[in-house]
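Let me begin by presenting the structure, written as structure tokens, before commenting on it.
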Amino acid sequence: MDDLAPTATPPDPAQIEAFAGRLGQALNDAALVQMCSIGHRTGLFDTLARLPPSTSVRIATAAALDERYVREWLAALVTARVVSYDPHEQTYALPAAHAACLTRAATPNNIAVTCQMMPLMGAMEDRIIDRFRHGGGTCYHEYPRFHEVMAEDSGQTIVAGLFDGVLPLVDGLQPRLQAGIDVLDAGCGRGHALMAMAARYPRSRFAGCDLCEDAIEWATDESRRRGLQNLRFEVRDLSDFTSPSAFDFITTFDAVHDQKDPAGLLAGIARSLRPGGVYLMQDIAGSSHLERNLDHPFGTFIYTVSCMHCMPVSLGQGGAGLGTMWGEELAVRMLHDAGFPSVERRLRAEDPLNVYFVARI
Ligand SMILES: C[S@@+](CC[C@H](N)C(=O)[O-])C[C@H]1O[C@@H](n2cnc3c(N)ncnc32)[C@H](O)[C@@H]1O
């Protein structure tokens, strides 16, 4: 780091040029992320993927969108080398390898889903700058579309791999789910993971709790629509959560670090498990120590999501503001402190962003 420290001697012009170039590329990449979010939400990537090379008029017509906007969006994507362009025919095409990362058909590998996070956070910039100046936090409902985007994102990282990848991380769990046990998902959001489990294991009983009324309302409506009888949702602040010996299996999916009282929740989970019970905690993979995250493939993204969302929503509840990158070392320590002597760390090769802890009392 020494060569970057401020000195009396003027900086090396080559270093300035290299850094300015990097920032220029960052501007282009940030713009691309914005356009990927729009491409996903409008269905333009899906439309492009099923059309042969086509004019902007044909693409706009097929997507039922305004041609002038579509043409400008296409220009951004062509200059980003995401969409190919034939100037002679004035046609555009999405290469198959790019469609494999940007379309609904590519789920769970649709990176455009996660791109929605950046404009979502960007919409909060004025408020977050105010908190930089005056302190304090934010509320979930201030973030436009938060639960919708979160559910879509965890739909790819968790739900799509639930039965083949996630639940098998807990030895012997699936036969117990088949036989019939009590399950809680704490901080369940829109409850997709629970709904999938409730449909798959009709003999088990499932409960989901979350602070946010709108998410629980959505989950309740959707589970009714799916005719699930073994599932209930409840609006509940989990800060003082405890439900002694009520559950055999408890999960949290990305739902500890932005709580008001993460330590209290973990202790409540430990108390709420029956003998032989197990807690599966999914959270963000990374270290509690900044210097160990320098080569983290998503370090800047995760710390940014933390600064714009996860930390302020915890602070906004009067909470600890642990931050998204509270890290695995602290997570393990807190699990032990909460009453889990046995904590196993598990990774899924297809999901480099997340880490899983299997904790038993
Ligand atoms: C990052 S989201 C994850 C949602 C869901 N588990 C998923 O994977 O899609 C974190 C969730 O924790 C919930 N949460 C935060 N603080 C809470 C609290 N004090 N009590 C209950 N839920 C809380 C939020 O409302 C939000 O739905």
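Taking Lys and Arg as +1 and Asp and Glu as -1, the other residues whose beta-carbon sits under 15 Å from that of T220 total -2. If you take all other residues with their beta carbon under 12 Å from the beta carbon of L194, and give Lys and Arg +1 and Asp and Glu -1, the sum is +1.
Farthest toward the positive end of the dipole of the chain, out of L280, A60, P87, is the Cα of L280, where the dipole comes from beta carbon charges about the Cα centre. Compared with the dominant principal axis of the Cα atoms in the chain, helix 213-225 is inclined by about 80°. Relative to the dominant Cα principal axis of the chain, helix 262-272 is inclined by about 40°.
Within the stretch 1-100, the GluC sites (Glu not before Pro) that combine a DSSP coil assignment with at most 13 other C-beta atoms in a 10 angstrom radius are E89.
Please give me the summed charge of the neighbours of A270: other residues whose Cβ is under 15 Å from its Cβ, Lys and Arg +1, Asp and Glu -1. Net local charge, A270 excluded: 0. Over the stretch 122-360, accessible surface divided per residue gives 43 Å², non-protein components excluded, 1.4 Å probe.
The listed residues R271, R226, once ranked by accessible area (1.4 Å probe) with the largest placed first, stand as R271, R226. Give me the dipole magnitude in Debye, nearest 20, for the stretch 1-156 about the Cα centre, with unit charges on the beta carbon: positive for Lys and Arg, negative for Asp and Glu. My answer is approximately 460 debye. Our coupling estimate for the stretch 292-305, obtained by passing each phi through the Karplus curve with A = 6.51, B = -1.76, C = 1.60 and θ = phi - 60°, is 8, 9, 4, 9, 4, x, 10, x, 5, 4, 5, 5, 5, 4 Hz, Gly and Pro reported as x. Extension gain, L294-E234: 0.36 nm per intervening residue step, less the Cα-Cα distance, totals 17.6 nm. Rounded to the nearest angstrom and listed largest first, the equivalent-ellipsoid semi-axes of the stretch 2-107 from its Cα gyration tensor are 37, 14, 12. The share of accessible area on the stretch 122-360 that comes from carbon and sulfur is 51 percent, using a 1.4 angstrom probe. Sequence-distant contacts, meaning Cα pairs under 8 Å at least 6 residues apart, place the relative contact order of the stretch 1-137 at 24 percent. For the chain, C101, C139, C188, C209, C212, C307, C310 stand unpaired, since no other cysteine beta carbon lies under 4.7 Å from theirs. Applying 1/(1 + (r/R0)^6) with R0 = 45 Å to the Cβ-Cβ distance of H88 and R224 gives a FRET efficiency near 0.25.
Across the stretch 19-27, computed HN-Hα scalar couplings (Karplus, 6.51 cos²θ - 1.76 cosθ + 1.60, θ = phi - 60°) run 5, 4, x, 5, 5, x, 5, 4, 4 Hz from first to last residue, x flagging Gly and Pro. Entry note, the chain: the mean residue ellipticity at 222 nm calculated from DSSP H runs of n ≥ 4, each adding -39500 (n - 2.57), is -13000 deg cm²/dmol after division by the residues and rounding to the nearest 500.
Helix 328-338 and the longest principal axis of the C-alpha atoms of the chain enclose an angle of approximately 20°.
Rounded to the nearest 20, the size of the Cβ-charge dipole of the chain about its Cα centre is 1100 debye, with Lys and Arg at +1 and Asp and Glu at -1. Mean separation of Cα pairs under 8 Å and 6 or more residues apart, divided by the residue count, gives the chain a relative contact order of 12 percent. Separation of the stretch 150-224 and the stretch 47-117, taken as the distance between their Cα centroids, equals 34 angstrom.
Residue-wise HN-Hα couplings along the stretch 99-112, as the Karplus relation 6.51 cos²θ - 1.76 cosθ + 1.60 with θ = phi - 60° gives them from phi, are 4, 5, 10, 9, 10, 5, 5, 8, 3, x, 10, 7, 6, 4 Hz; Gly and Pro carry x. Of T114, T107, T251, the residue with the largest accessible area leads and the full order is T107, T114, T251 (1.4 Å probe).
The values are calculated or read from the model by the stated rules, or taken from the named source; none is laboratory data. Here the structure is a predicted model, which means the values were calculated and not measured. Counting neighbours? That spans all protein chains shown, and the Cβs are built from the backbone with ideal geometry, glycine included. Surface areas here come from the heavy atoms of the whole protein model, side chains and all, with no ligands, DNA or RNA. Shrake-Rupley method; radii C 1.70, N 1.55, O 1.52, S 1.80 Å.
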